[in-house]
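Enquirer: Structure below; questions to follow.
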Amino acid sequence: MEDNSLLNGPLPIDQLDNGDDEDMSLDKEIASVDVVDGEASSSEDEDEEIKALKEFQAILQELSVNQYAYDKYVRLCELSHTTGDLDNIRKAYTTFSNVYPLTPELWQRYISVELTLAQSESEIQQVKNLFQRALKDYYSCDLALEYASFAKRCTADCASIWEEILGTYGLNCHKGQEFFKLYRKQYPEETHRDEFVNSFLKELRYPLNQMEESYIEFKVYYEKNKEQFADREDIDWEEIDAKYFKAKDHLKQILPFEEKLQSLGTNLYRERAEVYFEYIKESDKYLDENVLQTIYERMVADCCLNADCWLKYIDFIDYRDEFGRPKDLQKLPLFEQTPDEICQRALRNCTWSPELYIKRIQVLEKIDRPKTEVQEVLESAAVAGFQTPEPAVAVWLEYLTYLRRHTDWTNADECDIIRKNFNMAWTILGQQWGVLADCNCEILQFWGRLEYGPLQDPKKGKELWTTVMESADNALKSGLWIEFALLEMRRDLEATRRLFSKALNTPGLDNPLVITSAWERFERCNGNVKTLNNCLKECNKFKQQYSGQAATTFTQQKAQKSSAKATAKRKMTTQSESSGPPPNKQAKTTEEHQEPAAKAPPPKKESAFKEHENQEIDLSKDHLRIFLSNLDYNLSEDEIRGELPELNIVDIELIRSGNGRSRGFGYAVLPSEAEVVKALSMDRKDVRGRPVFISSVLRDKEQRQKFKYSAEMEPQKLFVKSLPQDANQNEVEALFKPFGGLKDVRLVYHKSGKFKQIAYVEFEQESSAGKAVMALDGTDIRGHKISVAISAPPPKPTAGATTSNPMKMLGLVSKRNKVFEQKPRMSLIPTAVRKNLTNKSAAAAAPLPSQTTPAPAPAPKSNADFRKFLTK
């Protein structure tokens, strides 16, 4: 049997082809596999290869449909090694690296195969190119060490390879010295004295760990061979000592940050990024530009899924290049990267970040790249698979802003193009997100401003802004009404008056006094006596009405405060009286209780709840008491003990209503604080089909149990929704386990015990979460298309927030709380577009007499169609 296994001669890398020829060759290999020697072990190996080849080809077909399935690429690389076919290995890694950056571990495994086979000069050059691609993906000292060991095989390029390695990885605080020692080992002083000495001179300029050893070694070597360096004018010990002690002082300043980074766990990405931010902020004041940029490279390698790290790096390079390259900056590939190149690297890692797409549009505009390149950025964002409409709206707004800056308003064709782009943005967002797309109508507002302004079509502008004010709750925002009036003022003063009047009479307007003031100013500047008097008459009438309402509200609030104070005073009086009556009154009470029971009036039956209210509570035992809620109403105290066998419960007290039935909550006393901590960890345990809430009863808020789930974005945690109603814990774990180690899987239930069809999945590593998002978002599970996204809860209002929000006073804060409160999507579309869509839909809905089956759905548009539509 003939094959292309690794045992045979190497194949040139540049002969790889991603076309159908390889798929055909796979079919031929699978069909031609046969047993040659008849041995059992050989037969089993070939059977395994056949299975691997079949699975390899199947995954290639899947990736042709969904190119962002990260785990499929990893599996493809594993299968390629199982098949033992060099073509398959090269195809797997090449296909993978075309979409995603490969991890250093994957590059090492692939390059080791090519290193084994490389013999000729061309093959060695190809391996060198692979090393350069690998080091461009991520800053990796391990890969750089292998590259350094490989350098001696590149006879012609050995010196340049070492120059690149020492200039970039030799600056690493902890591992830099290792590279210099390896260099001196390959270039010993007996045969390469100048290179040997120059390596010391270069090493002692930078803050490296254990640099004292190199200083002493060079000092001793120089003293022994002083007469041989008489002709070396660059060996000036005063200058060498000055640079050495300066670098040593810098080392003392950066070592605390390096130690913090080493002490952090591998999955603490957010904490690691924060340390890097602080590290860079402090070291930027004194570190060499070359060393500083290597710290940025280390940051984006360690926190590759953190878009903020990439943005910080891009801003650093962009700001530095704006003032020209520093003189001391080395002319090496790492230091010659442009902001656009770093943007492209960032987007290969964080395809879900709208900020990175926006940043790249701005960078391309800054370096005067053609419009087609900027358009390609928009196309990439369109297929990025954002989980919410806000990122898509942000990218579209940035692109439309870019077009506005590069449109010749005197050219009718360019004006038509920008109009078509606005229309397309609004239409595409509506098709993708429905009523949730651009709820504030920011795109229509932008479009309308341009129509009133440089596009010089105020009639179209009014139509667009009318649609804006009719959408969602925009009509309640005074700020939008004032802007609409100012725009309309350019076209028609009478129409502006009608707008002010309409705004003032809108029910629920957030700040009507702003409208009255603006209207009065407008009439004083543009109106006559009659219009001004009409304005003042309507505004004064409204002000009186508004003042009356405000006074009534103030009176009610004052009465409520007085009532609350009186109630508090009565409670204090009651408590003081119940603490102990006067002696004579107490004696009289005792005599009354000693009278026969027959003479005593029948006691009033108090509700059980009132008894609990009046019962004295021992506050000293709060640290041993827990609060149980959401209990089944039929549970008794003994049954609760049975349902919580893990806890050693001393006492349980259920709160009951007047008829004696449990109210679903109560208190439990535990023997120790350790038992309380154990109980709190069992919060939301399922008891009789309901999640039981377990919380602390400590009076001091600072001592209470904190909310155990983060309210910030957690890159290693995923939010999964639209799961099947019958999904369970084991099924969700099995679904996400292939992407990496799981730290926690939590399914969320209603108080009634009904599954909410959402879950939180936390991975041990942030990269595993990113892989899972790429692979599983949109997956169909028993007819349910699940949504998988990085967990990013909405921010909670701060404790110091006040009700007087200046943004709200301007009408810029949305009051929408529920989706169903929004108006239908049709009301958000401009009238001209709506008529066009209505006519098209009516024509499509009317079947022809000869039709018996519905027409097929239109094919999705490709990027080429998208590009043609933009440039019409």
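Enquirer: Within the range 605-627, is there a residue that is assigned to a loop (DSSP other than H, G, I, E, B), open to solvent by 60 Å² or more (accessible area, probe 1.4 Å), at pLDDT 80 or above and not acidic (Asp, Glu)?
Expert: No, because not a single residue in the range 605-627 is assigned to a loop (DSSP other than H, G, I, E, B), open to solvent by 60 Å² or more (accessible area, probe 1.4 Å), at pLDDT 80 or above and not acidic (Asp, Glu).
For every residue, the table says whether it meets (1) in a helix (DSSP H, G or I); (2) surrounded by 15 or more Cβ atoms within 10 Å (Cβ to Cβ); (3) within 44 Å of the chain's Cα centre (by Cα); (4) of a type in the set (S, T, N, Q).
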site	(1), (2), (3), (4)
648	no, no, yes, yes
652	no, yes, no, no
663	no, yes, yes, no
666	no, yes, yes, no
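Enquirer: Another question about this same structure. Answer yes or no as to whether residue 793 is modelled with pLDDT under 90 and either open to solvent by less than 20 Å² (accessible area, probe 1.4 Å) or not basic (Lys, Arg) (or both).
Expert: Yes; evaluated as a whole, the condition is true for this residue.
Enquirer: Here's another thing I want to ask about it. When you go through 285, 281, 312 one by one, which is the residue that is closer than 13 Å to residue 342 by Cα and either more than 16 Å from the chain's Cα centre (by Cα) or surrounded by fewer than 21 Cβ atoms within 10 Å (Cβ to Cβ) (or both)? Before you say what the answer is, go through the steps one by one.
Expert: On the way: 285 fails: closer than 13 Å to residue 342 by Cα; 281 fails: closer than 13 Å to residue 342 by Cα.
Step by step, each of 285, 281, 312 is checked, and only 312 is closer than 13 Å to residue 342 by Cα and either more than 16 Å from the chain's Cα centre (by Cα) or surrounded by fewer than 21 Cβ atoms within 10 Å (Cβ to Cβ) (or both).
Enquirer: For the range 434-450, check the following and say yes or no: at least one residue is farther than 26 Å from residue 388 by Cβ and either part of a helix (DSSP H, G or I) or in contact with a Gly (Cβ under 9 Å, 6 or more places away or on another chain) (or both). First the steps, then the outcome.
Expert: If we filter the range 434-450 for residues that are farther than 26 Å from residue 388 by Cβ, which is where we start, we get 450.
After this cut, where a residue has to be either part of a helix (DSSP H, G or I) or in contact with a Gly (Cβ under 9 Å, 6 or more places away or on another chain) (or both) as well, the list is 450.
Yes, that holds for at least one residue.
Enquirer: Only one residue in 278, 271, 282, 258 is under 19 Å from residue 169 (Cβ atoms) and acidic (Asp, Glu), so which one is that?
Expert: Numbers: 278 fails: under 19 Å from residue 169 (Cβ atoms); 271 fails: under 19 Å from residue 169 (Cβ atoms); 282 fails: under 19 Å from residue 169 (Cβ atoms).
It is 258.
Enquirer: May I pose another question? Go through the range 672-731 and give me each residue that's closer than 30 Å to residue 273 by Cβ, among the hydroxyl-bearing types (Ser, Thr, Tyr) and at pLDDT 80 or above.
Expert: Residue satisfying the conditions is 681 alone.
Enquirer: Looking at the range 90-111 only, could you name the residues that are open to solvent by 20 Å² or more (accessible area, probe 1.4 Å) and outside any helix (DSSP H, G or I)?
Expert: Residue satisfying the conditions is 103 alone.
Enquirer: Another question, then. Can we say residue 114 is crowded, with 17+ Cβ neighbours inside 10 Å, in contact (Cβ under 8 Å) with a residue 12 or more places away in the chain and under 25 Å from residue 302 (Cα atoms)? Break it down into steps so the answer makes sense when it comes.
Expert: Numbers: crowded, with 17+ Cβ neighbours inside 10 Å: yes; in contact (Cβ under 8 Å) with a residue 12 or more places away in the chain: yes; under 25 Å from residue 302 (Cα atoms): no.
No, not satisfied.
Enquirer: Restricting attention to the range 46-73, and to residues there that are open to solvent by less than 40 Å² (accessible area, probe 1.4 Å) and within 30 Å of the chain's Cα centre (by Cα), which single residue is nearest to residue 108 (Cα to Cα)?
Expert: Selected residue: 73.
Enquirer: Could you please find all residues in the range 731-758 being out of contact with any strand residue (DSSP E or B) (no Cβ under 9 Å at 6 or more places or on another chain) and more than 26 Å from residue 304 (Cβ to Cβ)?
Expert: Within the range 731-758, 734, 754 qualify.
Enquirer: Then there's this: Quickly run through the range 428-457 and pick out the residues that are open to solvent by 40 Å² or more (accessible area, probe 1.4 Å) and either closer than 27 Å to residue 490 by Cα or not hydrophobic (A, V, I, L, M, F, W, C) (or both).
Expert: Within the range 428-457, 431, 432, 440, 442, 449, 454, 456, 457 meet the criteria.
Enquirer: Filter the range 190-214 for residues that are surrounded by fewer than 15 Cβ atoms within 10 Å (Cβ to Cβ) and more than 19 Å from residue 250 (Cβ to Cβ) and give the result.
Expert: Within the range 190-214, 190, 191, 194 qualify.
Enquirer: In the set 250, 174, which member is within 21 Å of residue 279 (Cα to Cα) and either hydrophobic (A, V, I, L, M, F, W, C) or not in a helix (DSSP H, G or I) (or both)? So that I can check it myself, show each step before the final result.
Expert: Details: 250 fails: either hydrophobic (A, V, I, L, M, F, W, C) or not in a helix (DSSP H, G or I) (or both).
Matching residue, one of 250, 174: 174.
Enquirer: Okay, next question. Within the range 731-781, can you find the residues that are assigned to a helix (DSSP H, G or I), touching a Pro at 6+ places or on another chain (Cβ under 7 Å) and closer than 29 Å to residue 693 by Cβ? Talk me through it step by step, then tell me what you get.
Expert: Step one: of the range 731-781, the residues assigned to a helix (DSSP H, G or I) are 731-739, 766-776.
Narrowing the set further to residues that are touching a Pro at 6+ places or on another chain (Cβ under 7 Å) leaves 766, 769.
If the condition is that a residue be assigned to a helix (DSSP H, G or I), touching a Pro at 6+ places or on another chain (Cβ under 7 Å) and closer than 29 Å to residue 693 by Cβ, then 769 is the only one that fits.
Enquirer: A further question on this structure: Filter the range 723-778 for residues that are open to solvent by less than 20 Å² (accessible area, probe 1.4 Å) and polar (S, T, N, Q) and give the result.
Expert: Result: 768, single match.
Enquirer: If residue 425 meets every condition in (1) in contact (Cβ under 8 Å) with a residue 60 or more places away in the chain; (2) of a type outside the set (S, T, N, Q); (3) over 26 Å from residue 525 (Cβ atoms) apart from one, which number is that one?
Expert: Going through (1) in contact (Cβ under 8 Å) with a residue 60 or more places away in the chain; (2) of a type outside the set (S, T, N, Q); (3) over 26 Å from residue 525 (Cβ atoms) one by one, residue 425 breaks only (1).
Enquirer: State whether one or more residues within the range 400-411 are farther than 19 Å from residue 374 by Cα and free of Cβ contacts under 8 Å to residues at least 24 places away in the same chain. If you could, list the steps in order and put the result at the bottom.
Expert: Filtering the range 400-411 down to residues farther than 19 Å from residue 374 by Cα leaves 409-411.
Now restrict to residues that are free of Cβ contacts under 8 Å to residues at least 24 places away in the same chain: 410-411.
Among the residues of the range 400-411, at least one is farther than 19 Å from residue 374 by Cα and free of Cβ contacts under 8 Å to residues at least 24 places away in the same chain, which makes the answer yes.
Enquirer: Could you say whether any residue in the range 217-238 is open to solvent by less than 50 Å² (accessible area, probe 1.4 Å), closer than 28 Å to residue 163 by Cβ, touching a helix residue (DSSP H, G or I) at 6+ places or on another chain (Cβ under 6 Å) and in a helix (DSSP H, G or I)? Break it down into steps so the answer makes sense when it comes.
Expert: Restricting attention to the range 217-238, the residues satisfying the condition of being open to solvent by less than 50 Å² (accessible area, probe 1.4 Å) are 218, 221-222, 225, 229, 232, 235, 237.
Filter once more, so that each one left must be closer than 28 Å to residue 163 by Cβ: 218, 221-222, 225, 229, 232, 235, 237.
Imposing the further condition that a residue be touching a helix residue (DSSP H, G or I) at 6+ places or on another chain (Cβ under 6 Å) reduces the set to 218, 235.
Those still in the list that are in a helix (DSSP H, G or I) too: 218.
Scanning the range 217-238 turns up at least one residue that is open to solvent by less than 50 Å² (accessible area, probe 1.4 Å), closer than 28 Å to residue 163 by Cβ, touching a helix residue (DSSP H, G or I) at 6+ places or on another chain (Cβ under 6 Å) and in a helix (DSSP H, G or I).
Enquirer: Quick one: which helices (runs of 4 or more DSSP H) lie wholly within the range 257-349 and hold at least 1 residues that are touching a residue at least 60 places away in the same chain (Cβ under 8 Å)? If you could, list the steps in order and put the result at the bottom.
Expert: Details: elements: 269-283, 289-302, 307-322, 339-349.
Qualifying helices (runs of 4 or more DSSP H): 269-283, 289-302, 339-349.
Enquirer: Do we have residue 668 as small (Gly, Ala, Ser) and touching a residue at least 24 places away in the same chain (Cβ under 8 Å) here?
Expert: Working: small (Gly, Ala, Ser): yes; touching a residue at least 24 places away in the same chain (Cβ under 8 Å): yes.
Yes, satisfied.
Enquirer: Tell me the residue from 496, 506, 516 that is part of a loop (DSSP other than H, G, I, E, B) and more than 24 Å from residue 415 (Cα to Cα), please.
Expert: 506
Enquirer: Sticking with this structure for a sec: Kindly indicate whether residue 446 is closer than 26 Å to residue 545 by Cα, modelled with pLDDT of 90 or more and of a type in the set (Phe, Trp, Tyr). Working first, answer last.
Expert: Details: closer than 26 Å to residue 545 by Cα: no; modelled with pLDDT of 90 or more: yes; of a type in the set (Phe, Trp, Tyr): yes.
So residue 446 does not fit the description; no.
Enquirer: Further, regarding this structure: Can you tell me which of 456, 545 is at positive phi and out of contact with any Leu (no Cβ under 7 Å at 6 or more places or on another chain)?
Expert: On the way: 545 fails: at positive phi.
Going through 456, 545 in turn, the sole match is 456.
Enquirer: For the range 460-515: of the residues being under 21 Å from residue 535 (Cα atoms), small (Gly, Ala, Ser) and touching a residue at least 40 places away in the same chain (Cβ under 8 Å), which is surrounded by the fewest Cβ atoms within 10 Å (Cβ to Cβ)? It would help to see each step written out before you state the result.
Expert: Initial filter on the range 460-515 (under 21 Å from residue 535 (Cα atoms)): 475-515.
Filter again for small (Gly, Ala, Ser), leaving 475, 478-479, 485, 495, 501, 503, 508.
From what's left, touching a residue at least 40 places away in the same chain (Cβ under 8 Å): 478-479.
Working: 478: 24, 479: 19.
Here the residue is 479.
The values are calculated or read from the model by the stated rules, or taken from the named source; none is laboratory data. Just so it is clear, the model here is predicted, and its values are computed rather than measured. Cβ sites come from the backbone with ideal geometry, for glycine too, and all protein chains shown count toward neighbours. Remember, those area values only see protein heavy atoms, side chains included, never the ligands or the DNA or RNA. Shrake-Rupley method; radii C 1.70, N 1.55, O 1.52, S 1.80 Å.
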